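Below: the structure, in structure tokens.
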Amino acid sequence: MKTKVLILDDEQIVGERLKASLELAGFTVDAFSSSREALQKLEEESYDILVTDLKMSGPDGMEVLRAARQMRPGIKSVVITGFATKDTAEEAMRSGAVKFIAKPFKMSDLKKLLMTLSGIIDNEDPSGSNE
Amino acid sequence: MVFDRITRIFRRPHAVDLSYFKALFEKFQQILEGNNRVLELISGLENKLSGQYIFDINYLKSVVEQLSEEVYLVISNLNVFADNRYLELFSRQAAIQKELKDIVEGHPVTSEDMYVIDYDDIHSDITEIVGGKNANLGEIRNQLEMLTPDGFVLTTSAYRRFMEYNNLWPEIHRIHAGYQGDDKESIEGYDRAIDDLFSSARIPPDVMKAVTKHLNELHKRQKGMFGLAVRSSAFGEDAQRQSFAGQFKSFLNCQSVDVFSAYIKVIASRFKYAVGIYGGQRIYEETELPMAVGIQQMIAARSAGVMYSVDPSGRRVDCLAVSASFGLGVGVVGGTADADHFQVSRLDPTQITNRRIGTKRTEMVAAEPRGVKSIPVREDLQERPSLTDDQVIELAERALLLDRYFNRPVDIEWCFDDLGKLHILQCRPLKLPPKPRVRPSEMADALASKPVIMRRQGQVAQSGIAAGKVWQVNEDDDPGAFPVGAIAVTKYTTPRLTSIIRRAAAIITDAGSPSGHMATVAREFGVPMIVNTADACKLLADGEEITVDAEENIIYKGILRELLEYGVEAEDVFRDLREYHILRHLLRRISPLNLLDPNSPGFIADNCRTYHDIARFSHEKAVQLLINLNMSSRRFRGLKSKKLKLSIPLGLSVIDLGNGLSSSADASEIDEMDEIQSVPMQAILKGLTSPGVWSTQPMQLGFGDLVSSLTRHSMSDRVAEYQGQNLAVISGRYANISLRLGYHFNVIDTYVSENVNDNYIYFRFVGGVTETERRHLRAILIKDILEKLDFKVAVSGDLVVARLKKLEAARVLQVLEEVGRLIGFTRQLDTQMQSEESVQECFRAFFRNGRNNK
């Protein structure tokens, strides 16, 4: 069974590219740039992982996290954001995120993380990054 | 405040005041630290260009701000340190900062209403204006300085103006809506309607004026009649997983008067039915695929064709493929003509691994007065190869350079002209079938059994995978001799080796740091690089085949095809995001290094064109100034110094700039060696006071004839005359020692820290009591010894100047200990150098004594 991932980033092109890249890594991916549409889809279908940006118009990332937790209690949520502060990270974790990633991040790190979350690989190896 | 105070102090340079030196030295350290922060910020930005990162505009804004601030600080500190000698750096910095701000805020550097740009002015950062293929041609022409056709580009702004002027979009949408069927009739009807629409379109007068001006100029440059090629280059056509190869029209051998009608036909081809099938709904969106068009001088081709930097058949990732025929190569590109096919090793482009010579019955040539025609190939030539082996190799080397430069496999159109010169006509990314980017676990298992030469030694400066033959490089080697596709193994990272970077498949160095200048250039060219491995030069033999995994930092013996195959797969899904264009654009003003050689007359502040230039210039000047400042020991006369009591009669006084002495050393004399806390000073003293080094007895040289000549003239009894002039200015990490021993004068200036980029040793030696020839021989001996210790040495008469840079602290301290021994050793050599043989004898004796002392 392929792991199902829902991506939400208000920059459509970023979502599309994340989708393309994650699909190459073997995930099944749906990408949205509107949080309303994403939440609607989440209501209809079950996903294993949610990857969301924080700053968006409409329901923002925090609201999406909380709604996702309520609708799909088993979902694992990951936040990716360019506005990373300790406070937002803490709030995101309280709202149900299991991981908080600040931009810029390495695509391979995101892939590794999602593989860890979906049980494809056992442990996340932070030393894999070259930075 | 501090700034003012220091400036005041500096304006009284003759005032003797320890705080003056301390303040200056602090400035020096701040310059080094600032320089390092600048280099780290630059390398962080460059890493983001690898196509593996997700980032946004806020990130770029904040890094650019930090960078501008740091560069400004470095310049301020340098000017305090150098008595305002480099004020012009401020205006250089301000100009660059302004440009960066414009780029990051989205003000295009090239004006939006610029309809025409010459190829001479095109770089990849204006891809949005000239389209991907034209941007690549600009890079190839202006950065790589290869031959490309002369000419100019009608920009995407010209395209927008054309579409608006003729009000074409509403009509196109109408036509599109009207023909929805996919039967032959509908398709033909649709295409005809598009043709009709465009045939009535006119070139806007302002665009026409600009084009006419550039056509006239091109005409002048070409000195007379010439044919023109009109070629499409849409922005975004190479994006994602589509290439639109062959979808848009091009016209060969047009006359000037045909340019406008050809232009309109090229634009029309963007809307054809087949393009819609290929590109989908996207082609009907007004912002998508804006079309730039190149107007190029035709090259009279003797032979021409295409090549792929990776053989796309997928069976041999270690090979590239060349297809060629006589004439203009139109058929080869289109795949219709019978052509010659060559396969060449990527690991060694001089190896043609396979060839298939086709029967070439016809060739395409320019027709009179316009267009192209097919003519028969002379019968005796039909079965002959259209390229010589040398030409195939030249092409293969070129393909590898371009692959390296664009950091991905490429598809290249080329031709050889009547004189046998190679021209690049087009270059675009080669689409290979996508493969998973995360390493499959099977690969890890397969690799586990492969022989490893080096594992996790040093740091990765640019990640990637490469394989090839080792080629050891010295700084003074001719860069042109470096074989394209070989793996460069070298002791140091130095900007002087920059010119081999373009030719190398990978670079491995003994010393250096990932934020050093050479690493920056490697990232610029996407060449995998591992630095600071300590002993790559020892472990990797010249000519040995290796595979470099600069992702996991492992070097394998032999060529590992499975790893290579994974490596050629460039993940480019993010590279065409807007942020990437902005970043590339920014980096053009930040990271190229133009000031390479500090000894060249062009190494001046006014020539700093990027932040990297400013950082490099400031660093170099700061070190030079510090050395010169402390070389003049008169500056220290009258300063309160402390006598150092040593087991040898050196008569050395010490001035502490901070952390050079332990706090207990507050008397006027330093009794114990361990009161010296200056790390480099400790190392030098350790060498200087090691057993036998300062003996006034004959040395254990082991060659009797020399020994007899030396003892009587020992300088030990004369040293007293010069006492007081032996001075060390030290801090925790720094030491400057000026020694007058006998009749020679010796200066050592050194800085040692955790940051490899800061570390250096400067060694200067001059003078003596004997006649010129002997002094020169001694200089040669010192040169030989220092070179063996990895210094770069210049000798002029009896003057020896040597420099060693960018080694790890531990290694610098080892060398300093040897330098300490050398100081003692040379002191005893003043009179004994008689012949070339004595140089060699003494050289051996120095290193023999060194071993005995260990």
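The values are calculated or read from the model by the stated rules, or taken from the named source; none is laboratory data. Given the structure is predicted, the values throughout are model-derived calculations rather than measurements. Cβ placement follows ideal geometry from the backbone for every residue including glycine, while neighbour counts extend to all protein chains displayed.
Brief remarks follow.
- Boolean, B:Leu387 is crowded, with 19+ Cβ neighbours inside 10 Å, in contact with a strand residue (DSSP E or B) (Cβ under 8 Å, 6 or more places away or on another chain), of a type outside the set (Ser, Thr, Tyr) and not in a strand (DSSP E or B): yes
- Only residues that are modelled with pLDDT of 80 or more and surrounded by 21 or more Cβ atoms within 10 Å (Cβ to Cβ) were counted across region B:573-585, and they come to 3.
- When each of B:Leu41, B:Leu45, B:Leu60, B:Leu67 is tested for being closer than 23 Å to B:Gln462 by Cβ, at pLDDT 95 or above and under 26 Å from the mean Cα position of the chain (by Cα), the lone residue that passes is B:Leu67.
- Selection from region A:92-103 of residues that are touching a strand residue (DSSP E or B) at 6+ places or on another chain (Cβ under 7 Å) and touching a residue at least 12 places away in the same chain (Cβ under 8 Å): A:Ala92, A:Gly96, A:Ala97, A:Val98, A:Lys99, A:Phe100, A:Ile101, A:Ala102, A:Lys103
Here's the yes/no breakdown for (1) free of Cβ contacts under 8 Å to residues at least 40 places away in the same chain; (2) away from every other protein chain (no Cβ under 14 Å); (3) crowded, with 22+ Cβ neighbours inside 10 Å; (4) of a type in the set (D, E, K, R):
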position: B:Glu69; (1), (2), (3), (4): yes, yes, no, yes
position: B:Phe81; (1), (2), (3), (4): no, yes, yes, no
position: B:Glu88; (1), (2), (3), (4): no, yes, no, yes
position: B:Ser91; (1), (2), (3), (4): yes, yes, no, no
position: B:Val153; (1), (2), (3), (4): no, yes, yes, no
position: B:Thr156; (1), (2), (3), (4): no, yes, yes, no
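- Selected residue (criterion: farthest from B:Tyr278 (Cα to Cα)) from residues of region B:179-218 that are surrounded by fewer than 12 Cβ atoms within 10 Å (Cβ to Cβ) and among the small types (Gly, Ala, Ser): B:Ser200
- Take the conditions (1) more than 43 Å from the chain's Cα centre (by Cα); (2) hydroxyl-bearing (Ser, Thr, Tyr); (3) under 30 Å from B:Ala506 (Cβ atoms); B:Thr362 misses just one of them, which is (3).
- Members of region A:62-90 found to be modelled with pLDDT of 90 or more and within 14 Å of another protein chain (Cβ to nearest Cβ), listed by number: A:Val78, A:Val79, A:Ile80
- Cβ separations smaller than 8 Å between residues 6+ apart or across chains give no pair from region B:551-570 residues that are at positive phi and outside the structural domain of B:Ala461 (by TED's automatic domain parsing) to residues that are at pLDDT 80 or above and polar (S, T, N, Q).
- Selection status of A:Val5, touching a residue at least 60 places away in the same chain (Cβ under 8 Å) and either over 25 Å from B:Arg578 (Cα atoms) or away from every other protein chain (no Cβ under 12 Å) (or both): yes
- Region B:494-556 holds helices (runs of 4 or more DSSP H) entirely within its bounds, and those carrying 3 or more residues that are within 14 Å of chain A (Cβ to nearest Cβ) map to B:517-525.
- Single residue of B:Ile122, B:Ile140, B:Ile117, B:Ile172 found to be under 30 Å from B:Pro429 (Cβ atoms), more than 45 Å from the chain's Cα centre (by Cα) and of a type in the set (Val, Ile, Thr): B:Ile172
- The single condition from (1) in a helix (DSSP H, G or I); (2) away from chain A (no Cβ under 14 Å) that B:Leu49 fails is (2).
- For region B:52-66, the candidate set comprises residues that are among the hydroxyl-bearing types (Ser, Thr, Tyr) and assigned to a helix (DSSP H, G or I); within that set, the residue that is nearest to the other protein chains (Cβ to nearest Cβ) is B:Tyr59.
Every residue, every condition in (1) in contact with a helix residue (DSSP H, G or I) (Cβ under 9 Å, 6 or more places away or on another chain); (2) buried (at least 23 other Cβ atoms within 10 Å of the Cβ); (3) closer than 30 Å to B:Ser157 by Cβ, yes or no:
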| position | (1), (2), (3) |
| --- | --- |
| B:Tyr263 | yes, yes, yes |
| B:Gln296 | yes, yes, yes |
| B:Val344 | yes, yes, no |
| B:Ile357 | no, no, no |
| B:Thr362 | yes, no, no |
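- The single residue among B:Ala519, B:Ala570, B:Ala550, B:Ala615 that is within 20 Å of the chain's Cα centre (by Cα) and at pLDDT below 85 turns out to be B:Ala519.
- Any hit, region A:91-98, residues being among the acidic types (Asp, Glu), crowded, with 17+ Cβ neighbours inside 10 Å and away from every other protein chain (no Cβ under 14 Å): yes
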